Amino acid sequence: MSAEPSLNASIITAHPASRAPVGIFDSGLGGLSVLRAVRAQLPDEALLYVADSLYAPYGERDDDFIADRTLAIGEWLARQGAKALVIACNTATAQSIALVRERLSIPLVGVEPGIKPAALQSRSRVAGVLATQVTLRSTRFQALLERYAADCRFICQPGHGLVQAVERCDVGSEQLRALLAGYLQPMLEAGADTLVLGCTHYPFLDAAIRDIVGERMALIDTSVAIARQLERVLEQHGVRAALHATGAPVPRFFSTDGGAHLRQLVATLLDMDAEVERVEIPSRRTAALSSQPG
Ligand code: DGL
């Protein structure tokens, strides 16, 4: 994960209210795994969650499209009064956090695959990484490997089809299990004892992954570390929410598609019957898409 301080002091005074919400965003439903950890770590924070499900998966998009959407959604959340932004998407972080940092003046927290914890913990010195193609080919990911892999060999596997399955709320069909087995079996055969879940959608597949790998692999999910990083960033900026006398605020959920699957996953994962508000967040690339003849 990464975080950066606000760019100048006047911006900090523009967002002093510790009661302002934290914005969390993902290409779709995956960021809910991060939101769950944030709620557990920071129960007094008001949260706004945006799922850009209409344009998921980002992992199959070009770099400019991902940057365009990440920036548009970050700006939209800032306009809603967000005091900080969590880019709860490895793909968007890998591809566009540098640009968003330049353009947005609220503190940012991004996510990245847990290469460092995997290298620290693997005993066999072989570990697998499942992430999107965009994440795996990014300069940020290559730099992570160079910095932390040390003597550990990482087998990097693009998880084609997995984000689409989670977006359909498919976390255990036969077809999905076969897809996963095709990705994980070669890692097991190579002696991997650790698996980095390098996409925030993949923690929803943990039961299906466990059925295939059993206890032979430790699964690395960085959502708790991201929540702790957010806590540090809010404290550094003096904007951590005070204790809510009336109990934890209920997050607000927004989706760029109908939101039915977001609502379903919120119910399953967070045990909440939440309204999902449909939102249009126009951007340069999506305007170009909608002006194309049908
Ligand atoms: N949850 C996103 C990630 O962490 C999924 C990216 C996608 O939409 O392909 O990478």
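Quick rundown of the values:
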| quantity | calculated |
| --- | --- |
| Debye equation applied to the C-alpha atoms of region 172-291, log10 I(q)/I(0) at 0.09, 0.14, 0.16, 0.19 Å⁻¹ | -0.44, -0.95, -1.08, -1.15 |
| Fraction of antiparallel bridges per DSSP, the chain only, in percent to nearest 5 | 10 |
| Estimated dipole of the chain in Debye, rounded to 20 [Cβ of Lys and Arg +1, of Asp and Glu -1, Cα centre] | 540 |
| Neighbourhood net charge (13 Å Cβ-Cβ; Lys/Arg +1, Asp/Glu -1) for P158 | 0 |
| Beta bridges per DSSP with both ends in region 21-151, % antiparallel, nearest 5 | 0 |
| Hydrodynamic radius by Kirkwood, which averages 1/r over all alpha carbon pairs of the chain, in angstrom | 19.4 |
| Calculated diffusion of region 45-193, Stokes-Einstein form, Kirkwood radius summed over Cα pairs, 4 °C and 1.567 mPa s, µm²/s | 77 |
| Whole-angstrom gap from region 150-215 to region 228-294, using each part's C-alpha centre | 26 |
| Globularity index of region 212-252, i.e. its alpha-carbon radius of gyration over 2.2 N^0.38 Å | 1.81 |
| Protection proxy ranking of 97-105, 235-243, 125-133 - average other beta-carbon atoms within 10 Å, highest first | 125-133, 97-105, 235-243 |
| Segment M272-Q175, length gained on full extension (0.36 nm per residue, minus Cα span) | 32.1 nm |
| Dipole axis of region 195-247 (+1 Lys, Arg; -1 Asp, Glu on Cβ), positive-most option in A242, V196, A218 | A242 |
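None of the figures in this text is laboratory data; all of them are computed from the coordinates on show. Being a predicted model, the structure only gives us computed values, none of them experimental. We place every Cβ from the backbone using ideal geometry, glycine too, and count neighbours over all the protein chains shown.
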